[in-house]
1. Can we say B:Thr159 is surrounded by fewer than 16 Cβ atoms within 10 Å (Cβ to Cβ), in contact with a Gly (Cβ under 7 Å, 6 or more places away or on another chain) and either modelled with pLDDT of 90 or more or assigned to a loop (DSSP other than H, G, I, E, B) (or both)?
2. Anything in the stretch B:19-73 that is within 16 Å of DNA strand D (Cβ to nearest atom), free of Cβ contacts under 8 Å to residues at least 24 places away in the same chain and within 14 Å of chain A (Cβ to nearest Cβ)? List them, or say none.
3. Mind checking whether some residue in the stretch B:3-22 is within 14 Å of DNA strand C (Cβ to nearest atom), basic (Lys, Arg), surrounded by fewer than 19 Cβ atoms within 10 Å (Cβ to Cβ) and not assigned by TED's automatic domain parsing to the domain that holds B:Arg138?
4. Any residue at all in the stretch B:21-30 that is over 15 Å from B:Leu102 (Cβ atoms) and not small (Gly, Ala, Ser)?
5. Out of the residues in the stretch B:88-127 that are surrounded by fewer than 21 Cβ atoms within 10 Å (Cβ to Cβ) and touching a Pro at 6+ places or on another chain (Cβ under 8 Å), state the one that is modelled with the highest pLDDT.
6. Consider the stretch B:57-82. How many of its residues are aliphatic (A, V, I, L, M) and farther than 17 Å from B:His101 by Cα?
7. Name the residue, out of A:Thr48, A:Thr43, A:Thr78, A:Thr31, that is among the polar types (S, T, N, Q), surrounded by fewer than 18 Cβ atoms within 10 Å (Cβ to Cβ) and either touching a Leu at 6+ places or on another chain (Cβ under 6 Å) or within 30 Å of A:Val153 (Cα to Cα) (or both).
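The values are calculated or read from the model by the stated rules, or taken from the named source; none is laboratory data. Every value quoted in this text rests on a predicted model; they were computed, and no experiment measured them. Glycine gets a Cβ as well: all are built from the backbone with ideal geometry, and neighbour counts include every protein chain shown.
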There are 2 protein chains.
Amino acid sequence: MARVSDEPDLRRRLLDVAADVLAEEGPSALTARRLTREAGTSTMAVYTHFGGMPALVRAIVADGFARLHARVDAVPVTDDPVADLAAMAAAYRAHALAHPHLYAVMFGATTLGSFRLSHEEQQVGMAAFDQLVDGVRRAMDAGVVRRGDPASVAGQLWTALHGYTMLEQSGLHRVVDDPETGLLQPLMANLVAGLLVDPGGPGAG
Amino acid sequence: MARVSDEPDLRRRLLDVAADVLAEEGPSALTARRLTREAGTSTMAVYTHFGGMPALVRAIVADGFARLHARVDAVPVTDDPVADLAAMAAAYRAHALAHPHLYAVMFGATTLGSFRLSHEEQQVGMAAFDQLVDGVRRAMDAGVVRRGDPASVAGQLWTALHGYTMLEQSGLHRVVDDPETGLLQPLMANLVAGLLVDPGGPGAG
DNA sequence: CATGGTGCCATCACGGCGTTATGGTCCTCT
DNA sequence: AGAGGACCATAACGCCGTGATGGCACCATG
């Protein structure tokens, strides 16, 4: 089969096709044969450009982290640190809801089964986390959150946020989530409230 | 090939083999050929007893929920409701750490990719959640947690616990978790603290 | 301009996967 | 004893990821 065009960046096109297929049909459709057929080439392109399917998926995950970072980074900084934290959490959740399969692969394929992110790729993922750390630091500087280790507090917030996101995508949150009041907002609010009281308490790190 | 024995309960043996293989080699080793070879039969046994691989995995997941329920149910009830909640959280996390692949399949395979639990199986999973609701109710009765909807509060606790468990198994918690102080204990403590203050506040449901 | 080398991809083959159709065996119930 | 059905072994189909092989286009070098 002749090439679809003289498009030079086949690697980029494969990643775009993979992102589309993942978003529309889920991880099970992420096969070398499917992607290369869609891109008008043969399976060998996966190996010349990535080295195999796991490496291609890893590239997809790295892209996902980069976009998540950009999404959270776009949240403006105001003079209300708590509102900023809430806005960052909302942006995070919105990204996960907009790309559910991608989020599942990002935090599911990372797990024991298939592969592990390289150190550099983990750094990219954690850049988004650093944004949250900065937000917590601003809240501490403003006295809205008890002073302590911002990384620990940010880790707690992220943990709760990630847990809610995972449950929401599993569909299990419907069992425990009150659709009237919601669960995420009280969860974050109570966590922030717990971070305020009892100065020198257990939580601020 | 002759049968390994006249063992009648081949279905049970397949489930046991599947649990072993899952625990030792992860979800990617959960193949019909592998399991039936290990059990000394042919792939047809999967179809006569389960109807297919997705149904077999579903049975594994249902078993996992039942065992998780039993594990949390074994936590004794004392006169310290907060300590009971902490003990339940510890038991939950211990189960997840003892069976990491199983936990991943329980909350990962449930997701968009492959299948969905039946309503009845969801009920089994949620029985463990009801235990947590009871624990929260006792804490409310004792005045240790501000009175409100126990299910909402239990949902918040479970969400945080699940988020920590997932991150711990992904290995990403190493990036944000302080090995000296830990992350889960302050997270739960701050959440409980936030549930105490500001009567009539946002969180108690 | 000729030539050699190199990067890239098409084709094909291999083993493994889930699933299905078919046929045989044994158990049970009448 | 005979009929019926549950159960499983075998073989096949179409997928999958991956590796070997070969051809093609391009480019630097003489």
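1. On the way: surrounded by fewer than 16 Cβ atoms within 10 Å (Cβ to Cβ): no; in contact with a Gly (Cβ under 7 Å, 6 or more places away or on another chain): yes; either modelled with pLDDT of 90 or more or assigned to a loop (DSSP other than H, G, I, E, B) (or both): yes.
So B:Thr159 fails the test.
2. Across the stretch B:19-73, the qualifying residues are B:Ser28, B:Ala29, B:Thr31, B:Met53.
3. Yes; the residues of the stretch B:3-22 include at least one that is within 14 Å of DNA strand C (Cβ to nearest atom), basic (Lys, Arg), surrounded by fewer than 19 Cβ atoms within 10 Å (Cβ to Cβ) and not assigned by TED's automatic domain parsing to the domain that holds B:Arg138.
4. First pass over the stretch B:21-30, keeping only residues over 15 Å from B:Leu102 (Cβ atoms): none.
Looking for residues that are over 15 Å from B:Leu102 (Cβ atoms) and not small (Gly, Ala, Ser), one finds none in the stretch B:21-30, hence no.
5. The extreme case among them is B:Phe115.
6. Of the residues in the stretch B:57-82, the ones aliphatic (A, V, I, L, M) are B:57, B:59-62, B:66, B:68, B:70, B:72, B:74-75, B:77, B:82.
Imposing the further condition that a residue be farther than 17 Å from B:His101 by Cα reduces the set to B:70, B:72, B:74-75, B:77, B:82.
Total satisfying the criteria: 6.
7. On the way: A:Thr48 fails: either touching a Leu at 6+ places or on another chain (Cβ under 6 Å) or within 30 Å of A:Val153 (Cα to Cα) (or both); A:Thr43 fails: either touching a Leu at 6+ places or on another chain (Cβ under 6 Å) or within 30 Å of A:Val153 (Cα to Cα) (or both); A:Thr31 fails: either touching a Leu at 6+ places or on another chain (Cβ under 6 Å) or within 30 Å of A:Val153 (Cα to Cα) (or both).
Unique residue meeting the criteria: A:Thr78.
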